[in-house]
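The values are calculated or read from the model by the stated rules, or taken from the named source; none is laboratory data. Quantities reported herein were computed from a predicted structural model and do not represent experimental measurements. No Cβ is skipped: glycine too gets one built from the backbone with ideal geometry, and neighbour counts run over all protein chains shown.
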Amino acid sequence: MTYETITVTTEGVTLAAIIWQFLKRQPEGYLELVLEHNPGVSALGPVLPIGTAVKLPIEEIPQQTSTRTLVRLWD
């Protein structure tokens, strides 16, 4: 398994923010996958302490395959 390791260096950082910074998107199910590969991170709370290392599994990044239905309110 190949990982990219990100270390928290500033205050107020969440796991979702780390994923967004790394991928520039939020793939469905990737947050849960990152939590599986980082046991104990969820116990740290929503805002990660400075110095926390987070492993992001690179080989398991989901593709953006889901489509959204466009709803037009005035049609």
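Assorted remarks:
- Tally, over the stretch 13-68, of residues that are surrounded by 13 or more Cβ atoms within 10 Å (Cβ to Cβ), among the aliphatic types (A, V, I, L, M), part of a helix (DSSP H, G or I) and over 11 Å from the mean Cα position of the chain (by Cα): 1
- Looking across the stretch 1-44, the residues that are on the phi > 0 side of the Ramachandran plot and at pLDDT 95 or above come down to Gly12, Gly40.
- Residues of the stretch 4-14 classified as of a type in the set (A, V, I, L, M) and within 10 Å of Leu56 (Cα to Cα), total: 1
- Looking only at the stretch 1-11, and only at residues there that are in contact with a strand residue (DSSP E or B) (Cβ under 6 Å, 6 or more places away or on another chain) and within 14 Å of Ile50 (Cβ to Cβ), the one that is surrounded by the most Cβ atoms within 10 Å (Cβ to Cβ): Val8
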